[in-house]
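Colleague: Here's a structure for you.
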Amino acid sequence: MKKIFKPFDEKLIQEEQKSHHVIRMIRNVPDADPPQGLEERVMSSLPPRKTVPQWRKLYRLALTPQTVRFTPLKLVTSVICCALVLFFVTVWFNGDNASRQALNTADMRIPEAHFYMGRSLLASNQPEKALPYLEKAVALSPDQADFHFWLGVAHWAHKDFIEERNQYAQAIDLEPDHILANLYLGHNFMDRGEWDKALVQYDKVLAVDPNLPHALYNRGLIFRNLGKTAEETIVWKEYLKVNQRGKWAVRAAEHLNDLGDFSYGIHPIGPVRIVIKRPSFSASDTLLPDCLSSLDQIGYVLGNNPNLYVHVVVYFKDNHKRALARAKTIKGYLTRKYPSVDPARIKISWFSCAEKIVANDKTFLLNESVRFIGLTTNKKEII
Amino acid sequence: MKSNKRAKSHKNNAGTLDDEQVVTKVLEGDRNAFAVLVRRYHKQVFTLMNRFANSPTDAADLTQDAFLKAYTRLETFHPGKRFFVWLYTLSLNLARDYARKNKKHNDNLLKELGDNYGEIPTQEGRLIQQGNTIALFDALNRLPEDFREALILRYKEDFSVKVIARILNLSVSGVKMRIYRGLSKLREIYLESDHEKDI
């Protein structure tokens, strides 16, 4: 291939050709001989070195080019190793947890390892991967009630409800008071519409833990489905007695109101709806103790939300004075118990019209009622 | 060619440390390691200084100054670069400073030649070669400093044009221009001195 030179390079090459003898002589010019002892003289003039800071060493290391030498064999070995590492890293980061975990636990004979692996996969919403681990755990240690229970949960997630039921039953055989196994077996029966069997299970659970909200609530639903209104009313009250917070409490109160029982009301307090046991009064219009814990919810919300103020609206049929007295009693209770709440944030009203409640397509007018309406000054909280 | 290999990262057959490793050791506090670099390069630095000073005593002082400066500024040497190039640049600057201050570029370089000449097999050859070399030294000495250094760096030290550009703080084309003009001037001076016939 013909080499291409720039014009000046060409001139330089021509000049070098002309001057080849001169160039040869320059190359042969000897170095001058330094005087004897110059090396020692130079070294003796050097001061001692100060210690170099660590960061400077690291900086130099970062700037220093590194040379790696490979024989062909080493190169091939390295390439194979890199490919393997790349493969495993890819598998790892592609979220193929099962493969990864299979690698980790393939030969393990520790049932707990399989159990917790299965639990973690269930928690990360991967029931199909969890199932073999939980099955392995049960196979390795069949006398563990918890293992059977969680295997049942994995079968439920897999929509294998028969096997789910079997596993819960086995867990209960091993541990008759296993609350979760009994509860979930109740759920299984309930999902299939086997109300009586479900009730039996929930009763067993409540015998161990009488305040378990899930069991209480589902019993209410079962009686509702069975059309047993008296039992249903009792169950909703039992449920609301132990749990007045959250959406399930609101649903329970709605079901109770549908049955014509207004002992628990749903009150809009700022951005949320709160279930409160309707305040009850003595003949002298003092508060009865059974409703105080409900009123405490109002005080608690007022104490936590400075933007909130509450209207206490009281009605007493044909008796404004008693309505006013009851309103004052409620405000007095709240301001005494919650001194940090400015009394101006609790406003009272005594209306001349009855509270109207529409439930189950029926309209009810209450002769005596207390309503709480919470309003907020923060626009973001207005629903 | 010999110089090129020498100037590159120096590693001898005895398996001693290369320049960069020595620099690292010195920076870690091993003052005595610097002796390796002095031993390796003091001759070239002395020759350079002698070209500018025309006095072995002054050249020895300048060589000492150059190594002292290199030692104290060793942190500024970038790993991955050639130590000799860095040392040479630093020494050349010192030599130029010296030349500017003294301004006595006398032409008695020839005095040194008789003693510093390499071995020649025969007496006759020795005389011929010595005569030519003296004439070349004479011509080199009469060249302006910029041309002379460019030629020596290119043909004696075997540095690439790029490296010379860095040492002399010039562009690559500027270095080529100096080499071209330096060669043509050197040839002119040499011919004037009527030595070409002896070559």
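The values are calculated or read from the model by the stated rules, or taken from the named source; none is laboratory data. Owing to the predicted nature of the structure, the values given are computational and were not obtained by experimental measurement. Every residue, glycine as well, gets a Cβ built from its backbone with ideal geometry; the counts of neighbours run over all protein chains shown.
Colleague: Can we say B:L62 is surrounded by 20 or more Cβ atoms within 10 Å (Cβ to Cβ), in contact with a helix residue (DSSP H, G or I) (Cβ under 9 Å, 6 or more places away or on another chain) and under 22 Å from B:S160 (Cβ atoms)?
Modeller: Details: surrounded by 20 or more Cβ atoms within 10 Å (Cβ to Cβ): yes; in contact with a helix residue (DSSP H, G or I) (Cβ under 9 Å, 6 or more places away or on another chain): yes; under 22 Å from B:S160 (Cβ atoms): no.
No: the conditions fail for B:L62.
Colleague: Right, next: Pairs please, first residue from segment A:50-73 and without any contact (Cβ under 8 Å) to a residue 60 or more places away in the chain, second anywhere and small (G, A, S), Cβ atoms under 9 Å, 6+ apart in sequence or on different chains.
Modeller: What qualifies is A:K50/B:G29; A:T51/B:G29; A:V52/B:G29; A:L63/B:G80; A:T64/B:G80; A:P65/B:G80; A:F70/A:S78.
Colleague: Any residue in segment B:167-193 that is charged (D, E, K, R) sitting within a Cβ distance under 6 Å of a residue that is surrounded by 21 or more Cβ atoms within 10 Å (Cβ to Cβ) and not in a helix (DSSP H, G or I)? List the pairs, counting only those 6 or more apart or interchain.
Modeller: Pairs found: B:R187/A:S19.
Colleague: List every residue pair whose Cβ atoms lie under 8 Å apart, where the two residues are 6 or more positions apart in sequence or sit on different chains, the first residue falls within segment A:345-359 and is among the aromatic types (F, W, Y), and the second residue, located anywhere, is surrounded by fewer than 15 Cβ atoms within 10 Å (Cβ to Cβ).
Modeller: A:W350/A:H320
Colleague: With the requirement that a residue be surrounded by 12 or more Cβ atoms within 10 Å (Cβ to Cβ) and in a loop (DSSP other than H, G, I, E, B), what does segment A:343-356 give you?
Modeller: Hits for segment A:343-356 are A:F351, A:A354.
Colleague: Let me ask you something else. Restrict the check to segment A:183-197 and report whether at least one residue is of a type in the set (G, A, S), over 27 Å from A:V275 (Cα atoms) and surrounded by fewer than 23 Cβ atoms within 10 Å (Cβ to Cβ).
Modeller: yes
Colleague: Assigned to a helix (DSSP H, G or I) and either farther than 29 Å from A:E135 by Cα or touching a residue at least 40 places away in the same chain (Cβ under 8 Å) (or both) - does that describe any residue in segment A:207-215?
Modeller: Step one: of segment A:207-215, the residues assigned to a helix (DSSP H, G or I) are A:207-208, A:213-215.
Retained after the next criterion (residues that are either farther than 29 Å from A:E135 by Cα or touching a residue at least 40 places away in the same chain (Cβ under 8 Å) (or both)): A:207, A:213.
Yes, some residue in segment A:207-215 is assigned to a helix (DSSP H, G or I) and either farther than 29 Å from A:E135 by Cα or touching a residue at least 40 places away in the same chain (Cβ under 8 Å) (or both).
Colleague: Something else now. Hey, does segment A:357-378 have a residue that's under 26 Å from A:V250 (Cα atoms) and assigned to a helix (DSSP H, G or I)? If you could, list the steps in order and put the result at the bottom.
Modeller: To start, the set of residues in segment A:357-378 that are under 26 Å from A:V250 (Cα atoms) comprises A:357-378.
Next, only the ones that are assigned to a helix (DSSP H, G or I) stay: none.
Checked against the condition, which is being under 26 Å from A:V250 (Cα atoms) and assigned to a helix (DSSP H, G or I), segment A:357-378 yields no hits at all.
Colleague: OK, next. What number of residues within segment B:25-58 satisfy the criterion of being at the interface with another protein chain (Cβ under 7 Å from one of its Cβ atoms) and either in contact with a Cys (Cβ under 6 Å, 6 or more places away or on another chain) or part of a helix (DSSP H, G or I) (or both)? Show your work before the answer.
Modeller: The first filter runs over segment B:25-58 and keeps only residues at the interface with another protein chain (Cβ under 7 Å from one of its Cβ atoms), leaving B:26-29, B:31, B:34-35, B:38-39, B:42-44, B:46-47, B:50, B:56.
Among the residues that remain, those that are also either in contact with a Cys (Cβ under 6 Å, 6 or more places away or on another chain) or part of a helix (DSSP H, G or I) (or both) are: B:26-27, B:31, B:34-35, B:38-39, B:42-44, B:46-47, B:50, B:56.
Qualifying residue count for the region: 14.
Colleague: Could you list all residues from segment A:143-177 that are out of contact with any helix residue (DSSP H, G or I) (no Cβ under 8 Å at 6 or more places or on another chain) and not in a helix (DSSP H, G or I)?
Modeller: Within segment A:143-177, A:K159, A:D160, A:P176 meet the criteria.
Colleague: Out of B:E145, B:E124, report the one residue that is surrounded by 13 or more Cβ atoms within 10 Å (Cβ to Cβ) and either at pLDDT below 85 or within 12 Å of another protein chain (Cβ to nearest Cβ) (or both).
Modeller: On the way: B:E124 fails: surrounded by 13 or more Cβ atoms within 10 Å (Cβ to Cβ).
B:E145 is the lone residue from the list that is surrounded by 13 or more Cβ atoms within 10 Å (Cβ to Cβ) and either at pLDDT below 85 or within 12 Å of another protein chain (Cβ to nearest Cβ) (or both).
Colleague: Show the residue pairs meeting these rules: Cβ distance below 9 Å; 6+ apart or different chains; first residue within segment A:33-49 and on the phi < 0 side of the Ramachandran plot and at the interface with chain B (Cβ under 7 Å from one of its Cβ atoms); second residue of a type in the set (V, I, T) and surrounded by fewer than 17 Cβ atoms within 10 Å (Cβ to Cβ).
Modeller: Close Cβ pairs satisfying both conditions: A:P35/B:T57; A:L46/B:T72.
Colleague: So, one more: Given B:D138, B:D198, B:D194, which one is among the acidic types (D, E), under 22 Å from B:N54 (Cα atoms) and at pLDDT below 85?
Modeller: The conditions single out B:D138.
Colleague: Among all residue pairs at least 6 apart or on different chains, which show Cβ distances below 8 Å where the first residue, located in segment A:13-32, is under 21 Å from B:V175 (Cβ atoms) and the second is of a type in the set (D, E)?
Modeller: Listed by first residue and then by second, the contacts come to A:I23/A:E16.
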